[in-house]
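Each reported figure results from applying straightforward, stated rules to the coordinates on display, with no laboratory input. What you are looking at is a predicted structure, and each value in this text was computed from that prediction instead of being measured. Every residue, glycine as well, gets a Cβ built from its backbone with ideal geometry; the counts of neighbours run over all protein chains shown.
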Amino acid sequence: MLQDIRDKSQGIVVKIIVGFIVVTFALFGVDALVGSFNSSDTVAEVDGTDITRTQMLQGAETQRRQLISMMGGQVDPALLEDNLLQRRALDELIQRAILFNQATGLELGVSDAQVNAYLLQAEQFKTEGQFDQDKYLNFIRSLGFTPLAFKQRIKQDVLIQQPRNAIAGSEFVLPYQIKDVAQLQSQQRTYDYVTLSLADEAENTNVTDDELSAYYEANKEGFKTPEQVKVDYVVISSTDFKNKVSVTDAELQDAYQASLADVPQEERQASHILIDTTSRSEEEAQARIDEVKAKLAAGQTFSDLSAEYSDDIGSKNDGGSLGYIAKGAMDKDFEDALFAMQKGEVQTVKTQYGFHLVELNDIAKADVPSFESKKAELEQSLSVAKERDALLSAHEDITDLAYASDKLEPLAKEYGVDVLQSAYFGRDGGSDDVTSNAAAIAAAFSAAVLEDGQNSDLIELSDDQVVVLRLKDHKAEAVQSYDEVKDKVTSAVVQEKALESLKVKAEAAKSAVNTKWTSVALAKRGQDELTSLAFTLPHPEGQPVVEVKSLTNGDLAVIKLNDVVASSEEVPEEQKLAYERYLNQTQTSLSTQSQLDLLKGKAEIQR
């Protein structure tokens with residue numbers, strides 16, 4: 001696997017490097033060399049607190065993973081560019097440092113028990129209502145954290161959130177604010193309008209060659225072919241490890257037994273009569289149960305007694321039937337008693353809900369699949385899991401081999417795959433699975449690949465596929481010739497001239513006596529695009545307000561606002577509550593941002 005590294009280790013450059021290491025050890029000791037590799041340059045300082053390059057790079061990587069995790073293939077590759085991610089990561093670290101310094105200055109604190117409680121209650125870490133350790137670990141690994149580092153991050157998050165929670169808790173909304181918003185939202189407007197079609201105007205617009213040439217010369221920067229790359233790449237899939245994994249008989253048996261745990265071994269059909277203890281004492285409930293048992297012994301049916309006595313409204317009119325019950329479906333006390341009963345037996349069971357008179361009607365044995373019938377399915381499932389684990393275990397070796405080599409062939413040979421080649425693609429990506437992947441696009445246009453000619457880092461396409469790529473060819477951004485873009489230039493000049501002509505006509509229509517207005521009375525906010533534009537006009541004072549507005553399709557609309565009317569309709573209480581929540585959230589957001597701006601203004605920040 002590492003033959004390429006061995007080959008390179010014979011070169012004169014490597015010997016010089018080794019010589020340098022030997023001299024460094026001899027003159028300065030081990031600490032000098034190790035310290036040179038581990039040093040983390042300070043990229044910013046906030047009130048004496050250092051922010052290191054390592055922290056910034058880790059923050060950028062965390063942001064990259066979060067974007068890919070949240071948006072998948074829909075993420076814009078431009079958002080994954082290293083410089084952008086690093087700037088954002090540094091801004092976030094500076095903000096966190098400011099807020100952390102504020103919280104510690106206020107002598108606030110967070111205990112480990114609080115952090116643990118928060119994590120145990122977080123819904124994203126639960127499966128069927130219970131904390132799922134595997135889900136938790138997979139989540140934090142996807143963000144590039146160790147468990148300890150993630151807990152420290154959460155601890156800091158909870159700490160810096162405390163002053164912000166205090167601000168949010170002190171916000172309040174006055175009744176007049178809700179009233180003002182309600183009046184604005186329920187306002188109605190009466191207006192006239194006329195629209196002028198840009199498409200119709202463009203049909204009657206002529207342009208000359210001189211106009212086209214002049215436009216092209218003035219706007220050359222807008223007629224460029226985008227930068228493009230072609231890459232070679234190696235895709236390594238979990239299926240490439242198929243011949244390197246095997247499934248033992250013991251593993252198959254363990255998997256079979258585990259699969260049986262999900263199959264109910266037995267189901268019991270029961271009926272019950274519930275006498276609850278929320279509205280009566282236990283003594284009263286027991287007396288009522290005794291009364292039911294006496295009538296049952298006297299010959300009355302369980303079904304009739306259920307309809308008369310049971311407090312379970314869901315089953316009382318169905319003979320008390322609970323259907324077939326498997327273990328794990330009911331209250332533990334109820335279940336323990338039920339699965340210890342004999343068919344036809346009636347027994348009293350006390351639970352948190354009250355007293356139950358339980359009748360066991362039937363016992364059904366589950367149809368358990370045989371090992372032979374499940375063997376092929378289990379073998380396939382285990383093999384796929386082992387192949388995926390093998391790929392995951394190989395990540396480090398793949399990364400090392402990609403880093404050590406200046407080509408992809410050693411990597412392809414090691415894993416028995418081919419070196420593939422893409423078509424040209426730009427920063428918006430290509431059409432196949434690799435070149436349309438946001439992380440792969442970002443890697444192809446990264447400085448390491450594009451400028452330094454290195455292999456990319458390992459890129460995860462999915463849980464079952466990774467890719468390493470390197471630059472094959474690069475086409476720089478270039479201005480297209482006039483002949484190549486003449487049609488685009490013509491369209492742009494026609495649209496520009498048509499719009500200018502249309503604006504003149506729209507201004508004339510504002511006061512023309514022959515303008516054919518369309519009237520709209522008492523329009524409500526947001527009912528259509530024209531009405532939304534009418535709501536942007538100032539209140540008419542003595543005479544209509546007339547303005548020209550652009551529509552989303554390029555047409556122009558001349559809108560004449562005649563009247564603004566406050567609605568007399570009573571605002572429902574739930575709507576008032578919605579306005580109150582909106583105002584509270586808005587004020588909280590403004591207050592917390594103002595506080596942050598104030599803290600930033602006072603902080604000594606050096607980048």
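Arranged from highest to lowest average of other beta-carbon atoms within 10 Å per residue, in what order do the peptides 433-442, 75-84 appear?
433-442, 75-84
How are the Cα pair distances of the stretch 140-211 distributed, in percent, across 5 Å bins from 0?
Taking all Cα pairs of the stretch 140-211, the binned fractions are 3, 9, 7, 7, 6, 7, 6, 6, 7, 8, 8, 10, 10, 3, 0 percent.
Just the Cα atoms of the stretch 213-311: what Rg and Dmax do they give in Å?
In Å, with Rg to one decimal and Dmax whole: 37.7, 107.
Too long at a 25 Å Cα-Cα cut-off: which of Lys155/Lys600; Lys126/Lys155; Lys135/Lys375?
Checking Cα-Cα distances, Lys135/Lys375 exceed 25 Å.
Separation of the stretch 221-283 and the stretch 105-130 by C-alpha centroid, Å?
26 Å
Write down, largest first, the equivalent ellipsoid semi-axes of the stretch 309-376 in whole Å, where each equals the square root of 5 times an eigenvalue of the alpha-carbon gyration tensor.
Output for the stretch 309-376: semi-axes of 29, 13, 12 Å.
May I ask for the distance between the Cα centers of the stretch 448-471 and the stretch 342-364, given as a whole number of Å?
When both Cα centres are located, 64 Å separates them.
Per residue, how big is the convex hull around the C-alpha atoms of the stretch 348-459? Give it to me in cubic angstrom, could you?
Spread over its residues, the Cα hull of the stretch 348-459 gives 276 Å³ apiece.
Residues of the stretch 457-488 with amide nitrogen under 20 Å from the 7 Å Cα-to-Cβ point of Tyr403?
Of the residues in the stretch 457-488, 457-461, 466-471 have backbone N under 20 Å from the label point off Tyr403.
Using 0.36 nm per residue of separation minus the Cα-Cα distance, give me the extension gain between Ala423 and Leu522 in nm, one decimal.
Fully extending the segment from Ala423 to Leu522 adds 29.9 nm.
Neighbouring Cβ atoms within 10 Å as the yardstick, rank Leu522, Leu551 fewest first.
Going from least to most buried by this count: Leu522, Leu551.
With the alpha-carbon atoms as the only input, what is the per residue convex hull volume for the stretch 426-513 in Å³?
186 Å³
What aspartates and glutamates sit close enough to Lys365 to cross-link, taking a C-alpha to C-alpha distance under 20 Å and skipping anything fewer than 8 places away on the same chain?
The reachable aspartates and glutamates, counting only those whose Cα sits under 20 Å from Lys365, are Asp262, Glu266, Glu267, Glu335, Asp336, Glu345.
Normalising by the residue count of the chain, find the relative contact order in percent from Cα pairs under 8 Å and 6+ residues apart.
25 percent
Determine the gain in length on full extension of the stretch Phe139-Ala78; use 0.36 nm per residue of separation and subtract their C-alpha separation, reporting nm with one decimal.
19.5 nm
Taking Lys293 as the anchor, which lysines have their alpha carbon closer than 21 Å to its alpha carbon, excluding any fewer than eight residues away along the same chain?
Lys316, Lys343, Lys350
Identify, among Gln595, Val564, Tyr579, the residue whose Cα sits farthest towards the positive end of the charge dipole of the stretch 555-598, taking +1 on the Cβ of Lys and Arg and -1 on the Cβ of Asp and Glu, with the dipole about the Cα centre.
Selected residue: Gln595.
Would you list, by chain and number, the lysines whose Cα falls below 28 Å from the Cα of Lys224, excluding same-chain residues fewer than 8 positions away?
Partners within reach: Lys472, Lys475, Lys486, Lys488, Lys497.
By how many nm would the segment from Ala603 to Ile313 grow when fully extended, if each residue of separation counts as 0.36 nm and the alpha-carbon distance is taken off?
Full-extension gain reported as 98.0 nm.
What helices does the chain have that are whole DSSP H segments, at least 30 Å long along their own axis by Cα, and with mean Kyte-Doolittle hydropathy of -0.5 or more?
Qualifying helices, which must be both long enough and hydrophobic enough, are 82-105, 147-170, 371-404, 486-511.
In square nanometres, what is the average projected area of the Cα convex hull of the stretch 534-596?
Hull-based average projected area comes out at 7.8 nm².
Over the Cα atoms of the stretch 264-365, each weighted equally, I'd like the Debye log10 I(q)/I(0) at q = 0.16, 0.20, 0.23, 0.24 Å⁻¹, rounded to two decimals.
Taken in order of the listed q values, log10 I(q)/I(0) reads -0.63, -0.99, -1.29, -1.39.
Between Lys472 and Gln495, what's the calculated FRET efficiency when r is the beta-carbon distance and R0 is 60 Å? Round to 0.05.
Efficiency for this residue pair is about 0.95.
Using r as the Cβ-Cβ distance of Ser170 and Lys576, and R0 as 35 Å, what FRET efficiency do you calculate, to the nearest 0.05?
E(calc), rounded to 0.05, equals 0.95.
Could the peptides 214-222, 90-98 be put in order, highest first, of the mean number of other beta-carbon atoms found within 10 Å of their residues?
Averaged packing, sorted descending, gives the order 90-98, 214-222.
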